[in-house]
Structures are given as C-alpha cells and as structure tokens.
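Derivation of every value follows stated rules applied to the coordinates shown; laboratory data play no part. Every value quoted in this text rests on a predicted model; they were computed, and no experiment measured them. Here the Cβ positions follow ideal geometry from the backbone for every residue, glycine too, while neighbour counts run over all protein chains shown.
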There are 2 protein chains.
Amino acid sequence: MSGIMNGHRETITVGLGGRAYDIHVGHGMLDRAGQYLKPLARGIVPVVTDRHVADLHLERLLQVLTNDGIAARPIVMAPGEASKSFAGLERLCGELLDMEIDRTGLIVALGGGVIGDLTGFAAGVLKRGVGFAQIPTTLLAQVDSSVGGKTGINHPLGKNMIGAFHQPLLVVCDLASLDTLPARELSAGLAEVIKYGPIHDMGFMEWLEAHMDALRARDRDALAHAVRRCCEIKAEVVAQDERESGLRAILNFGHTFGHAMEAGMGYGVWLHGEGVGAGMLMAAELSRRLGLVDAAFCARLRVLVQRAGLPVRAPVLDERDNAGRYLEWMRVDKKSQAGEIRFVLIDGPGKAVVRSAPDALVREVIDACCAPA
Amino acid sequence: MSGIMNGHRETITVGLGGRAYDIHVGHGMLDRAGQYLKPLARGIVPVVTDRHVADLHLERLLQVLTNDGIAARPIVMAPGEASKSFAGLERLCGELLDMEIDRTGLIVALGGGVIGDLTGFAAGVLKRGVGFAQIPTTLLAQVDSSVGGKTGINHPLGKNMIGAFHQPLLVVCDLASLDTLPARELSAGLAEVIKYGPIHDMGFMEWLEAHMDALRARDRDALAHAVRRCCEIKAEVVAQDERESGLRAILNFGHTFGHAMEAGMGYGVWLHGEGVGAGMLMAAELSRRLGLVDAAFCARLRVLVQRAGLPVRAPVLDERDNAGRYLEWMRVDKKSQAGEIRFVLIDGPGKAVVRSAPDALVREVIDACCAPA
C-alpha cells in the first residue's frame, strides 16, 4: 500500500503483485474517469448502475467516456438490495452477453455497494472472468465495498452468501458524488468508516470524534481524509490477506450481528451500514462481557455511532425467541465453522480478534442491545 | 503430471503447486472413495448427484462413506442440462446453505459433466469458495470435465457462459461405473476421448483406431488405457495453462461448432459429446480449407467419429439462414475477441492452433457439413 498526493487528488495502491491496482481519490474524479479507463477499455464498455445513480451521474459519465473515445453503453438496474439476487445476476449477465462482452473486455460499476458487489460478481463469472472497474458513488462503497475484490449476491438464507473474490482493475472515487448522497446513506457509510478505528487505528477514531459533525455536514477536507484513510487501511489488510484466511476477517467487525439484522428483517429494510452500526455496538458489548474491553470504550463507541446518525438499538427479529432467531441467522455466517459462530471482537481498543463465544453470553448481549418490541 | 501404477489402479497428479490434486483411476474405486475423501471431510459432506446416477450408485457410495465415518448427505438434482442453469444453481446453493456447509467443508459431485460443472460452480461461489471432490460416472466426465477446474452453468444465450475456475481437491474415477452407462452416453464420451489425438497425440489416435470396437464393447483394459491417457494429457495441459491464457484453448477442439449446435437446438437435444463429435469434423474441414491438413486426415477423423457411434452430419439450426445462425451463436463463444470467432484448428495432425477464419469460408464449411433439412 502506498499513497501519492497530487494536489487535491491521491492514489492508493492495493499491493497484490500482478493484480495490484490503484484507487484514485479526489473531488471531480468522474470527469477524469475516461483518462483512467481508456488504457483498459476495449470494444463496448458496459456501465452498470441503478436508476437513482443514473439520474445523478450517468449522463455525465457517458459523456466523459465518449469524449475519451470509449464506446460506453449503460445497463440500468433497479435500485436496492433486491437487485443483488440470482434474478438480478441472471438479468445482468444476459445484458452483458447481449452486448457480446468478451474475456478481454471491461465492465464499469457506477454506484453504491449493491451495484459494485453485483457487477463485480457478474464480471467474475461471465465467461469465467472479465475485467471490471469500480466507480463508487456512496460513502460506504468508497471506504469499503469497492476495494478488495469481495463480490457477490444475497441468498434468502443469508447475506452475501454467493460470491467470488474478483479484484477490480481500478477504483475511481469522486468525493463530489457524496454531495448528492441522501443523509441516511451518508450515515450508513459512516458505520464502515467508524469500524476502522476500533479494529485498527484508535488515532483515526479520535480524529472521527473530532470531525463527525464536519463529516455529516459533508466538509470536503474531512470527507477526503476519511475516504483516504479508510482506503489505506483496507488496502493494507487486503494486500496481507486477500482471501480472508485470517487477518481480513477483522474488517467484518459488526457484520455478523448486522447481517442477521438485514436478513432477518428482509433485505433493504435497514441499510447495510445501519446493521453494521448497531452490530458494532453488540460486538463491543460481547467483547466487554468477555473481559476484552471496558464499559467506557463501549460507551465511547456508542456515542460515535449515535453522532453518525445511526441506530444504536438493534431490531427485534422475533417476538417469541429473538435471541434464538439472531443465533440462527448468525450460524450461517461465512465465518462460522462447524456450526460455531465466530465473532470479530475488540481485544483492547484498536485491536480486533476473531473468536467464538458461549451462546448464553451472546443471548445476554442480544437481550441487552435489542429495542423493546 | 506424473503417473503411478498400482495394480489395476493409477494415480495422475495435476501439478498446480499448492493446489495440486490427484486423479485416482481404476475399477471398483467407488468402494475406496471413503479412504480418499476421509482426510478432506469435515462435518456434513453433501453428495450432489442426479436421479439417474442416484439409482445406480448413490446408495453404495453413501454406505461406503458412512462406513468410513463420513457424515454424507445426498442432494439429488433433476437429470440433464436443464439443471445446469441459474435455477439449478440457486436450488443447489439453497440446499447447501440449509445443510450449513461452511468454508472448511467438502462437497462431493457424483455424476456426469452436468453434475460436476454445476456442483463445482456452486462450491466455487458458496461463501466465496468451498472445497469439492469429483466422482465422475460418465466417460465424458472421467476423460474431460471432472479434471481441470472449469465449472459453470449455461445461459440461454450460450453454453457454459457463466462459471468459474475452481479446482477440485480430488478426482476419483471408477471405471466400473462405465458398465451401466447408456450406449449413447458412452459414444458422447468417446468424442472427448478422440479429440486428444488430433490436437496432441497421433499415437493415441492410432491406438483409438485399433481399439474403438473394444472401447464400445466396454473392454476394461481398453477403457482403463483411454481414461488414463486422456487424464494425463489434460493434466499436462492444465498444469501449463490453468486459466486458458493460451495453450488450454486447444482442448476446445470441436467445441466452438458444438456449442452452437447445443445452444441452437436447445440444451439437451444433442448430448454435449455429440456436438463435439460433429463439431470436430467441421473444425477439421475448416482446417483443410485453410490448407492446414489434407483431405485424407479429415476422412480418417470422420471414420473414427462414425465408429464411435457419433453423428457425422451437423444439424440444421435455421432453414432460412443456417450459416448465419451458426455464426451468431459462435460469436458469443468464450474464445471470441472483439466479435471475431476464434477456432481451434488442426495445424497438421497432432498439433492444434487457435485462430480466426474468414466468415465466407466458415459459411462454406457449415453448408458442406450440415445435414439436409
């Protein structure tokens, strides 16, 4: 991982040997997308997006790419988690095949986490692998999902259950696209920003505590610093453990509980980041009950999550056996081994550990953290 | 690639570094499957098969695995290409998730090419990758599809269009399972056997000419030699070019035309091997018209394909514009680049080359090789 400052722009490299790639971060980067994509483009270049993002950015991007001599063609999916499904994948693959995209082609994902995950997976399995580039337009996608090559779709039995590791060839983060992001999605993205503090960098957590109001007010410098620092940490972790044989799992802090919320309520009721926000507080509480962190740390994290505009109480998934329902969903988590749930816990501020916990203790945490019915 | 003889059994290794794996070939190997799988098994081991294969081999395999202390559980799919679809994949993934298979698990594919391709792809994308073993029960699967890690499903717009490279951990070929194979499927498998001659080993082609009657009569020694030699050649090619950046494409001899037949008639009307059989003759004829081989070679290959019990005339896909329809289907072939079809051609007996050809010449070949309407 390395960072090169260049005026208001910065380039971070994800060091993966022959598959290394750059993340370009800056304001107005959409206007430069053509120059970054041009060396990779060949024939028709599909730009996959959703209706909401299309209304905001598609016309401009197509214009920019056309000006650079790229034969860009849009594919517009329905917005929301429902597209991240077998049906959405089949439809997208059909459109890509209709465009006769071949193995030497380039597919562009323009949008948030759903579009990036779905498009990356389609690129990964179309003709057993086509190159793709990410142009993330949400905070969540810029600081997390567009980097690192995790792609996939949901299954009714679990979030992100079907997928592939398929690294992008390039990531272009235009901070200006955050200007039009709905407040709720900005907050959801802040959940993934916050997670990097407790698991890896308490200095960054302090910076977040000092700049949370600026971030929510979309202060350009604050957003630039947050996106850059998150991409740096993620690039560092992914370069060390691309396939999540160990270290990389720490990036799932809050996700084990959060995925259960998303699946249990039905995808799209809560945004992914909202589940992660409440999920981090549950994971911190579980860490506390295991004696790994103190109550002061949990309280501090809770304040930060709340200031990000995120829910701090988890939803009740089942009025009769809420803890049982959570455990059921969490048991299908991808980190589970032989039916044993593995949690990303905080082992002292700034350090994460992946381990199991007694069911009884997990039940206590669920009971303590869930909103009254 | 190496071969170790051990009585009637033989082990061939696919040399892929840390992902190297063995192909065990022999009579009665199903009874030894437990001892081979035991070191890889962990928790519940799903055995994916289809109804036809289940009737023949499932009970015995489950008994063998249970005797070796493996908690095997069957998943029975509908027979035929229809299962190799998005719907089949979604159903299979659901069953695997229901069994709470985790990333450290093992999935077993028991059956022909459809079951192996589908199960391997499901294993490749379930939780972004679970290990799997192949127990191929058809000649086609034993000599080709179970080895090399190409997995995938069909799309209405093209054969094997959606898939992944996901190598098995082990392949167990029981030659005894060929005893119950329908004659039509034995012939289909012989198409993939024959292909190794023209593209790589004319000595093997001569051996096939001498032993084709024995193979069709299911002579044990003849089948043992054919399966072993095909696995050796395939292992050698895959070890050199796992991801098909070059050499590996020669294994697709006959497949560009064959896939067009399969897709154009609707999957399952012709068996895959039948398309490959007629497709090899078209590719040979195209090679001849490009001056790469002589008419005697084409006639010789035609006799061998016919003796294998395979069709030697290709089907008419469209009464009005048959050649146009073939070209349309072939243009979506995975080897195509920028709309240009790339054919595996014979560049002198025993040597393959991948290249394009003028549309007009391809049309002539299609007109010459297709059955009258």
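Observations, loosely collected:
- Point-charge dipole on Cβ atoms (K/R +1, D/E -1) for the stretch B:31-134, about Cα centre, debye to 20: 300 debye
- Helix B:322-331 vs. chain B, principal-axis angle (Cα, 0 to 90°, nearest 10): 50 degrees
- For the stretch A:300-352, applying the loop criterion from DSSP together with a ceiling of 15 other beta carbons within 10 Å to the GluC sites (Glu not before Pro) yields A:E319.
- For A:R103, neighbours were defined as the other residues whose beta-carbon sits under 13 Å from its Cβ, and their charges (Lys and Arg +1, Asp and Glu -1) total +3.
- Kirkwood-type hydrodynamic radius, the stretch B:5-95: 15.0 Å, calculated from all non-identical alpha-carbon pairs.
- Projecting 7 Å from Cα along the Cα-to-Cβ direction, the label point of A:A295 sits 9.6 nm from its equivalents in the other copies, listed shortest first.
- Signed unit charges on C-beta, dipole axis of the stretch B:297-373, positive-most listed residue B:A352, B:A371, B:W329: B:A352
- Counting DSSP beta bridges with both ends in the protein assembly as shown, the antiparallel % (nearest 5): 50 percent
- Rounded to 10°, Cα long-axis angle of helix B:183-200 versus longest principal axis of chain B: 70 degrees
- Converting the Cα gyration tensor eigenvalues of the stretch A:3-180 into ellipsoid dimensions via √(5λ) gives semi-axes, longest first, of 22, 18, 17 Å.
- Per-selection Rg to Rh, chain A - Cα, Kirkwood hydrodynamic radius: 0.96
- Copies compared at B:E328 - label distances in nm, ascending, label defined 7 Å from Cα in the Cβ direction: 4.9
- Normalised convex hull volume, the stretch A:195-369, alpha-carbon set, Å³ per residue: 112 Å³
- Nearest-ten-degree value, helix B:86-98 long axis tilted from longest Cα axis of chain B: 10 degrees
- Cα extents for the protein assembly as shown along the principal axes, largest to smallest and rounded to whole angstrom: 83, 65, 40.
- Projecting the Cα atoms of A:A338, A:A214, A:P315 onto the charge dipole of the stretch A:195-369 (Cβ charges, centred on the Cα centre) puts A:A214 farthest toward the positive pole.
- Note on B:E100 and B:D367: with the Förster distance fixed at 51 Å, the Cβ-Cβ geometry gives a FRET efficiency of about 0.40.
- Trypsin sites (Lys or Arg not before Pro) within the stretch A:307-359, DSSP loop, no more than 15 other Cβ atoms inside 10 Å: A:R313, A:R320, A:K351
- With a threshold of 30 Å on the Cα-Cα distance, the over-threshold entries among B:K38/B:K195; A:K38/A:K84; A:K38/A:K335; A:K334/B:K84 are B:K38/B:K195; A:K38/A:K335.
- Under Karplus coefficients 6.51, -1.76 and 1.60, residue-wise ³J(HN,Hα) of the stretch A:214-224 in Hz, glycine/proline x: 5, 5, 5, 7, 6, 4, 4, 5, 5, 4, 4
- Using the alpha-carbon positions of the stretch B:202-299, Rg (one decimal) and Dmax (whole number) come out as 15.2, 40 Å.
- Label-point separation, B:R302 to A:R355 (7 Å along Cα→Cβ), nm: 7.4 nm
- Here the dipole of the protein assembly as shown is about 560 debye; that uses its Cα centre as origin and unit charges on the Cβ of Lys and Arg (positive) and Asp and Glu (negative).
- For the pair the stretch A:233-278 and the stretch A:167-199, the centres of their Cα atoms are 14 angstrom apart.
- Other residues within the sphere of radius under 10 Å centred on the Cβ of A:M261, judged by their own Cβ, net out at -1 (K and R +1, D and E -1).
- Counted over the stretch A:3-180, the DSSP beta bridges are approximately 40% antiparallel.
- Net charge dipole, chain A: roughly 420 debye, given to the nearest 20, about the Cα centre with Cβ charges of +1 for Lys and Arg and -1 for Asp and Glu.
- Dipole of the stretch A:1-111 computed with +1 at Lys/Arg Cβ and -1 at Asp/Glu Cβ about the Cα centre; of A:A71, A:I12, A:M29, farthest Cα towards the positive end is A:I12.
- Within the shell of other residues whose beta carbon sits under 11 angstrom from the beta carbon of A:L317, the net charge comes to -3, with Lys and Arg scored +1 and Asp and Glu -1.
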